[in-house]
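Here's the structure, in structure tokens; my notes come after.
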Amino acid sequence: MTGTGLISEELQPTPTPSRPRPVAGVAVVGLLLALVGVALMVLAALRLRDYNDGAAAATIVGAVLVLGSLYPLWPSIRSFGGARERASLLKDDQLVLARRASAAGREEAQIAMGYAAAAIIVAGILLTAFASDGGIAKTFFTAGAWADSFPEMIRSFWTNIWVAVVSQVLVLAFGLLLAIMRMLPGRAGAPLRLIALVYCDVFRAIPAIVTILLIVFGIPLAFPAAAHWDPVWLGVVSLSMTYSAYVAEVYRAGLASIHPSQSAAARSLGLSYTQTLRTVLVPQAVRRVIPPLLNDFISLQKDTALLSTASIAEVVLTSKLWESQLFNLSPVTLAAAFFIIITIPQARFADYLIDRDAARRAGK
Amino acid sequence: MAFLEIDEVHKRFGNNEVLKGVSLNVERHEVVCLIGASGSGKSTLLRCVNALEEIDSGDIRIEGDTVSGAGVDLNVLRRDVGIVFQSYNLFPHMSVLDNIVLGPTRIEGVPAKDARERAMVLLESVGMAEKAKAYPDSLSGGQQQRVAIVRALAMQPRVMLLDEITAALDPELVGDVLEIVRELARQGLTMLLATHEMGFAKEVASQVCFLDNGSILERGSAKDIFEHPREPRTQQFLSRVVASGRL
């Protein structure tokens, strides 16, 4: 072969073997971080015990936390072992084994650092919570305030839940309608496409709180007959109107992401435009948009709190009444906890649906 | 009057004229192969026959009935004309069986039970019966393509369009699919197929058309085209195919 060949005939020079990377330095850093973590955690546990006047539960929690913070000491000790092994192997000129010992030692040191950092963060949060004489704990986490407000809070949270669920059902239907309107073909569809486009633009632009104020206060003024309606229903309408605009975009993206060949295949079997949408495009699009759809639903759920501005007795309004009564924000924290508790299972449920669909398609 | 008549069909995408006046007659029970380089217009011609693309001018007739242009009953047309695609295009959210019965039940109003029975008979004949409950993504390309053929056959079309149906398959899976097409040809199904499998075209085609740059440059029996091509462009195309080991 000449110089124009695709591969060079010259042999690559043998590279000089690299020396194992040092371990002692990272091992020391790991140990120091672990010790700092233990120290801070002991401090935090003492604060926790003192704040709760030495209550048994607080003492046990503190002890568990301190025990946990001791864990990174083990990998740290092992990392020093790795450093020693590396040195002795290097002395015997066993380069490959020394490199392995070095890699293992460094990994142990990094594990120690990771767990120690976690201990430092947890201890830091606790110390902050009990700073200024337990100011944070008192303001946000007073158990007595929780106990007093709980029955009323959970009752009004029920309003948030059913408002969210009813709105979500309405949004699913109305959003799909808007999405399909925006994708109508031909000149005949043009006016409806425009209307759907304007709707989506307008309601994505208006802040939800403005829509709520306009509808919940405005409709009873404009239509005297509506004055007897429960304002919660007007709240449902305003949330549905706002979120339909978002969900329409999600659906539209989902429909647009289905390859045109699917539509061609359906049409070639003789399915009409509507049948193609219903049996082929929408079922596939809905599966694809479950995660973004769920995102919008979680937003909607949280925005039920905005109904408090329209004097609807949902959980945030109730928590604010309790807050002004007790001069303590703990009921508001409780409301936050409620929202967290209902949101997390939904995220897991969406994951489950996605996994199940993937598994079924893969024929498992 | 031929069974399927394609008459001076023009089709453009924007400024790009893809079909420049293509005329072609397909008789009943005839198998016509379209060959030619990628981009020569084979797929577009097939899609036009099935009205998946609108033609700009010309005429397409089945038994003398115009099936192109405005006012055509597309659903009736597509019941008569089946198409199988290069990329199978099965519906991934439906099982194999549901893919096949969708057309007969929704379009022809066949009772679900009858449609399923017939689908099973067809699946059996292509060796796919045990996969009836499977979903397309769990099947190999060759299996998916066999299901796609069955899906088209379930509509009992009078003419089948096959658009490079083996082009996306692993070489070892091509044989199974071609065997089915061979069997369909033996049973007398009218077919119009675009293919890169020259050996297969030579074997089954009653007529071979060489498309180049949007028009049919040369046509004739398989023997004429493959052994005595007249046009220099056809000769060049075939010699390249031979050089790449596909003939």
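Peptide packing for A:105-115, A:20-30 was compared via the average number of neighbouring C-beta atoms within 10 Å per residue; ordered from the highest value, the list is A:105-115, A:20-30. Peptide packing: for B:31-42, A:302-313, the average count of neighbouring Cβ atoms within 10 Å per residue gives the ranking B:31-42, A:302-313, highest mean first. Under 23 Å of direct C-alpha separation, and excluding same-chain neighbours fewer than eight residues apart, B:Lys20 reaches these lysines: B:Lys11, B:Lys42.
Given 25 °C and 0.890 mPa s, how large is the Stokes-Einstein diffusion coefficient of the stretch A:313-358 in µm²/s, with Rh as the Kirkwood radius over Cα pairs? Intermediate values should be presented prior to the final figure.
Working: Rh = 12.3 Å.
The calculation lands on 200 µm²/s.
Evaluated at q = 0.07, 0.14 Å⁻¹, the base-10 log of the normalised Debye intensity for chain A, with identical point scatterers placed on the Cα atoms, takes the values -0.62, -1.13.
Rg over Rh for the protein assembly as shown works out to 1.14, both radii taken from alpha-carbon positions and Rh defined as the Kirkwood radius. Give the angle, between 0 and 90 degrees and rounded to the nearest 10, that separates the Cα long axis of helix A:290-303 from the longest principal axis of the Cα atoms of chain A. Approximately 70 degrees, to the nearest 10.
Mean partner shielding of peptide A:275-287, defined as the number of other chain Cβ atoms within 10 Å of each residue Cβ, is 2.
Axis of helix A:208-222 versus longest Cα principal axis of chain A: the two differ by about 20°, to the nearest ten degrees. Beta bridges from DSSP with both residues in chain B: antiparallel share about 55 percent, rounded to the nearest 5.
With a 1.4 angstrom probe, the accessible area lost at the A-B interface totals about 2000 Å². Expressed as a whole percent, the proportion of Cα-Cα pairs in the stretch B:194-247 lying more than 17 Å apart is 28%. Counted over all Cα-Cα pairs of the stretch A:200-297, pairs farther apart than 21 Å make up 51 percent. Do you know which residues of the stretch A:340-364 lose at least 30 square angstrom of accessible area in the protein assembly compared with their chain on its own, with a 1.4 angstrom probe? Residues passing the criterion (a loss of at least 30 Å², heavy atoms only) are A:Arg360, A:Arg361. Accessible area per residue for the protein assembly as shown is 50 Å², calculated with a 1.4 Å probe on protein heavy atoms, without ligands, DNA or RNA. For the stretch A:279-343, the pair-distance distribution built from all alpha carbon pairs, in bins 5 Å wide starting at 0, is 4, 16, 18, 18, 13, 8, 8, 7, 4, 2, 1, 0 percent. Give the carbon-plus-sulfur fraction of the accessible surface of the protein assembly as shown in %, rounded to a whole number; probe 1.4 Å, heavy atoms of protein chains only. Carbon and sulfur atoms account for 61 percent of the accessible area of the protein assembly as shown. Taken residue by residue and averaged, Cβ atoms of other chains lying within 10 Å of the Cβ of B:106-112 number 2. With the convex hull constructed from alpha-carbon coordinates only, the stretch A:96-170 shows a mean projected area of 10.8 nm² over all directions. For peptide B:94-103, the mean count of partner chain Cβ atoms within 10 Å of a residue's Cβ comes to 2.
Eigenvalues of the alpha-carbon gyration tensor of chain B, scaled by 5 and square-rooted, set the equivalent ellipsoid semi-axes at 30, 22, 16 angstrom, largest first.
Could you sort A:221-228, A:245-252 so that the peptide with the highest average Cβ count within 10 Å comes first and the rest follow in order? Spell out each step's value before the answer.
Numbers: A:221-228: 9.4, A:245-252: 23.0.
Ranking the peptides A:221-228, A:245-252 by packing returns A:245-252, A:221-228.
In plain terms, the bigger the Kirkwood radius, the slower the diffusion; for the stretch B:67-175, with that radius from Cα pairs, at 20 °C and 1.002 mPa s, Stokes-Einstein puts D at 150 µm²/s.
The values are calculated or read from the model by the stated rules, or taken from the named source; none is laboratory data. Predicted, not measured: the structure shown is a model, and the values here were computed from it. Note that each Cβ is placed from the backbone with ideal geometry, even for glycine, and that neighbours are counted across all protein chains shown. For accessibility, only protein heavy atoms count, side chains too; no ligands or nucleic acids. Shrake-Rupley method; radii C 1.70, N 1.55, O 1.52, S 1.80 Å.
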